[in-house]
Structures are given as structure tokens and as C-alpha cells.
Amino acid sequence: MASIIVATGKQKGDYYPLGHRTNVIGRDEALPIQILDEHVSRKHMQIHFDEDKQQYSALDMKSRHGVSINGHKIEDETILADG
């Protein structure tokens, strides 16, 4: 199953399974994936699973600091690779 593992900060190592629903990640306490970090916006990014294509994609939700995947800042919805 696809998952998010926090790589840095106070929550380093925290594990969040994604499933096949849309997940919003941010500081907001109402979110299923809450990351408490000063560089994370209340609603920072969205991860969506496309049932037809069987793939996940990430979208920056106009966060203040942006979203980087593998060291590259994303501007548009970006397909996520395994690993």
C-alpha cells in the first residue's frame, strides 16, 4: 500500500498509509495527515489516486513554501512514482 513517511523534523519516521482516497496534508488539526512544521501550510498539498490509471498524483494547494518532490519544486499536478 502506498504511504507517506515523514523524512525530517519532529515527526521524522511517522507513517501514514494513503489508501485510494484523496488525502490533504497540512498543519490543520482536522486533516487526516497533520504535519506540525513551520514550513507546512494549514492545507499544504493533496495526494489523489486515479482509479483508471492506478497511479497517485500530488498537487500543491497554494502553500506558502511550495511542494518539492525528489528535490524539484512542483508547479502543476505531478504523477508520483513508486519508491
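The values are calculated or read from the model by the stated rules, or taken from the named source; none is laboratory data. The model shown is predicted, which means the values in this text are computed figures rather than measured ones. Don't worry about glycine lacking a Cβ; one is built from the backbone with ideal geometry, like all the others, and counts go over all protein chains shown.
At-a-glance table
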read-out: Spans of strands (runs of 3 or more DSSP E) in the chain with at least 2 residues surrounded by 13 or more Cβ atoms within 10 Å (Cβ to Cβ) and not hydrophobic (A, V, I, L, M, F, W, C); value: 23-26, 45-50, 55-60
read-out: Long-range neighbours under 7 Å by Cβ, at least six apart or interchain, first residue free of Cβ contacts under 8 Å to residues at least 40 places away in the same chain within the range 29-41, second part of a loop (DSSP other than H, G, I, E, B) and exposed (fewer than 11 other Cβ atoms within 10 Å of the Cβ); value: 36/10; 41/64
read-out: Hey, residue 24 under 16 Å from residue 59 (Cα atoms) and of a type outside the set (D, E, K, R) or not; value: yes
read-out: Residue in the range 1-15 that is among the hydrophobic types (A, V, I, L, M, F, W, C) and modelled with pLDDT of 95 or more present; value: no
read-out: Residues of the range 7-34 that turn out to be hydrophobic (A, V, I, L, M, F, W, C) and either within 15 Å of residue 82 (Cα to Cα) or under 10 Å from the mean Cα position of the chain (by Cα) (or both), as a count; value: 4
